[in-house]
Amino acid sequence: MSASPPPPAVRALVVAGLAAAAIGIGWSHGPRLYDWVKAAHLIAVISWMAGLLYLPRLFIYHCAAAKGSQQSETFKLMEQRLLRVIMTPAMAAAWVLGLWLVWQGGWHKSWWFIAKLVLVVALSAVHGRLARAVREFGADANTVSERHWRMINEVPTMLMIAIVVLAIVKPF
């Protein structure tokens, strides 16, 4: 018997509690709040990227599973949980925390940040495409090939490399 994931309200309360604890720790350290938020942002980005890199791999294997088979049903469950429990909350946290960092750091006027923002929007679009694919696979309505998912699997990696270079090097 597999355990079902906690309801969304419970997950939201847990995330809110963790965020409040992190902010409380940060406030107790005064000016180091920025560093605490940056750490939380990086944790959220790493979690989001893990899902963006893993979900297309699941799709590749799911393409090979017969529709209606136990294997296909298992992939559906794995894909839905990865998207709902890890990826979407991590993406939301990465956006909220990242925008707070931009506001606090005054980065919104920097060209490197504008370029990074465009790439993060593109990464969010990839997330949206993967979310649509989860719904399609869930309805046994996937119409794209395993090869397609192999190519899509590389897109988040390329975007991540460019985003990290822009954030660390700040080339312009």
Within the range 105-117, track down each residue that is part of a helix (DSSP H, G or I) and loosely packed, with under 13 Cβ neighbours inside 10 Å. Gly105, His108, Lys109, Trp111
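Being out of contact with any Leu (no Cβ under 7 Å at 6 or more places or on another chain), within 17 Å of Val134 (Cβ to Cβ) and hydroxyl-bearing (Ser, Thr, Tyr): is that true of Tyr61 here?
So Tyr61 passes the test.
Looking only at the range 77-94, filter to residues that are buried (at least 18 other Cβ atoms within 10 Å of the Cβ) and within 20 Å of Val144 (Cβ to Cβ); which one of those is farthest from the chain's Cα centre (by Cα)?
Per the criteria, the residue is Glu79.
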Mind listing just one residue for me: the one in the range 95-104 that is among the aliphatic types (A, V, I, L, M) and touching a residue at least 24 places away in the same chain (Cβ under 8 Å) and, of those, surrounded by the fewest Cβ atoms within 10 Å (Cβ to Cβ)? Leu101
Considering only residues of the range 127-160 that are of a type in the set (Lys, Arg) and free of Cβ contacts under 8 Å to residues at least 60 places away in the same chain, which is farthest from Ala90 (Cα to Cα)? Arg147
Look at Ser72 and say whether it is touching a residue at least 40 places away in the same chain (Cβ under 8 Å), within 19 Å of Ala167 (Cα to Cα), surrounded by 14 or more Cβ atoms within 10 Å (Cβ to Cβ) and among the small types (Gly, Ala, Ser). no
Over the range 122-163, the set of residues loosely packed, with under 14 Cβ neighbours inside 10 Å and either of a type in the set (A, V, I, L, M) or not in a helix (DSSP H, G or I) (or both) is Ala125, Ala139, Asp140, Ala141, Thr143, Val144, Ser145, Met151, Glu154, Met158, Ile161
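Yes or no: the range 78-93 includes at least one residue that is of a type in the set (Gly, Ala, Ser) and within 15 Å of Val164 (Cα to Cα).
no
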Of the numbered conditions (1) at pLDDT below 95; (2) buried (at least 19 other Cβ atoms within 10 Å of the Cβ); (3) out of contact with any Gly (no Cβ under 9 Å at 6 or more places or on another chain), Val37 fails exactly one; give the number of that condition. (3)
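Among the residues of the range 43-69, which ones are of a type in the set (A, V, I, L, M) and surrounded by 14 or more Cβ atoms within 10 Å (Cβ to Cβ)?
Listed by number, the residues that qualify are Ile43, Ala44, Val45, Met49, Ala50, Leu52, Leu53, Leu55, Leu58, Ile60, Ala65.
The values are calculated or read from the model by the stated rules, or taken from the named source; none is laboratory data. The structure displayed is predicted, hence computed values, not measured ones. Counting neighbours? That spans all protein chains shown, and the Cβs are built from the backbone with ideal geometry, glycine included.
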